[in-house]
Structure formats: structure tokens, C-alpha cells
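Below: the structure, in C-alpha cells.
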């Protein structure tokens, strides 16, 4: 049997493709301030597409429906920030207490191994380093003045992308005649996926709130809201919440009762992941777990929190678009047959 040796042309093509991919990723990383809000605006517009179609069937002009959609998204964002403000401040207020508890655990463990004087010296040194780190981490007034215009510019970019895409979506898709059906099918897949997952996450948040209230965990509404939002970041979000509930359980309770908060959340999350989500989302939108995990990691590395939010909808959109391309649809030959005849 002869082994096929790659030709120089194949090697050159692969090398050019790798260089182009590195160049594109580098450009996306450098253009984060522009591309991240634009991508988020497109994702939000695709998710809001069912509402736009409903308004169009009611006879509402597209400019008016685009304005209504933008106002609704803005109002929902404002209400979300206003509602999460106290919860976030409460979570920030609990961080020092959790750090103190962890530090005491470390001291107890170290005391059993080493002498008390060395432990005390290391604790003082650690406190001094923590204080210096906090002072360095606190933003100055100039930093705040620099961040504020950038945030306003990104918010304006997001709003403009959302509005003009919803306003001209039909014209944009009409320009791609051979892929218009595939584009709309991909949009419907993302809308279906996002709306369904949001409903599932809301149910999970309510269940976590009820269980934490029954167990007696402080601030159960905080953990319900955290379960709702962190479940959008698959794998990483639930693991982070599981560890946090484990720390809270050991700081608030004693004995076997200390593992109950983490165990209860793990049971709810496993039930949601193994039974609820596959049943409601459907097998056609099930993605490879490794691909999902790598996509979320890549999005977080590329654009931070915004990248983590848009990575999964973009992956769903690309998968649905590739699955509905004209070459892969079973009715392609039937469509082309009369033309060929």
C-alpha cells in the first residue's frame, strides 16, 4: 500500500489558512470594543425576531416595530440592572466573610502542621498583601472617567446595531437569495433555543430559591438569581455556583447538614441538564459538549463576559445554518429538477 504524501500545494494552503485564522482572531481581539457590542446587538435582534414577526402580522410598520423592540429591550435591561443591584451588593458584602472563613480554615490546618508563630507571621503578611492588592485594584477617578465614555459608546453601538438590523433584516436576507431560507431557519433555531433555555433557567432559579429557603441558607433570593444567570454559561457557571454553595454550607452549618445546600443544587442542576433541557430543547439543537465548552472558553477569552454570553447563540446559529444549507436540504434535487428539465 502506498502512503499519500501531502504535496507542496496542500501544505501551502494549510499554512495560509492557519495564518489567516490567527490574523482574524487577533483582529477580533483588538476590535473587542466594536465587535463585541455589535455581535451582542445582532444576537438580541435575532432573539427578538418572533416579536417582530408578530407585530408585522398585526400590520405595524417595521420602523415602529423596531422602535418598540428597542424600547422593550432597553426597559428590560434597566429593570434587570435595578433588580440585580441590591443582590449584587449583597453578594459583594458576603465575600469578605467567606474569605475570613476560608482563612480560618487555612489557619487551623496550618496550626496542626506547623507552629503558631509561623502561622501568625504568614497571616499578617497575607493580610498586608491583601490590603495592598485591594488598594491597587480600586479604580481611580481618571480610570472611572475613562471607562464611562467607552461604556456609553458600546451601549450606543449595541442599540444602533439592534435597531437597524431589525429595521432592515428583510432587505439584508433578500440580498442572499440562495441562503435566505437557511438564514431564517438559523434565526428561528436561535430564538427557540434562547427562549426555551431562559424559561428553563427561570424555573431552575425559582427551584433553587425555594430549596435554599427550606434549608435555611441566608439570602435565598441571591442564590436563585445566581442559579438563573450562571446556568447560561454551561459547565463553568454551575461549577462556580456549586463551589460557592459548598463554602456557604460549611460556614453556616455544621456536620452533614453543611453539604446539604451544594447537594440540593447539584440534584436540581442534574435533573435540569439530564431530563428537562433535552426534552424541551429537542435533539436537533443538541451540541457536542466539548464543542460547547471550548466555544464558551474561547468567547470568554476573546471578549470577556460578552463573549461568554454570545458564544453559545452564535454556535447554535452556525450549526443551524450549516444544517439548512441548500446543498444539505433533501428537497434541493426536487427544486432543481424542473429547471434542469
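Each value in this text was obtained by applying a stated rule to the coordinates, not by laboratory testing. The structure displayed is predicted, hence computed values, not measured ones. Glycine gets a Cβ as well: all are built from the backbone with ideal geometry, and neighbour counts include every protein chain shown.
Extending 7 Å from Cα along the Cβ direction at residue 22 and again at residue 229 yields two label points whose distance is 3.8 nm. Gain on full extension, evaluated as 0.36 nm per residue between residue 294 and residue 236 minus their Cα-Cα distance, stands at 19.8 nm.
Among 303-313, 50-60, sorting by the average number of other beta carbon atoms lying within 10 angstrom of each residue, highest first, gives 303-313, 50-60.
Given the Cα-Cα distance of residue 174 and residue 198 and 0.36 nm per residue of separation, how much length would full extension add, in nm? Mind dumping the intermediate values first?
Numbers: separation 24, 0.36 × 24 = 8.64 nm, distance 3.02 nm.
Residue separation times 0.36 nm, minus the Cα-Cα distance, leaves 5.6 nm.
Taken over the range 178-328, the ratio of Cα radius of gyration to 2.2 N^0.38 Å equals 1.19.
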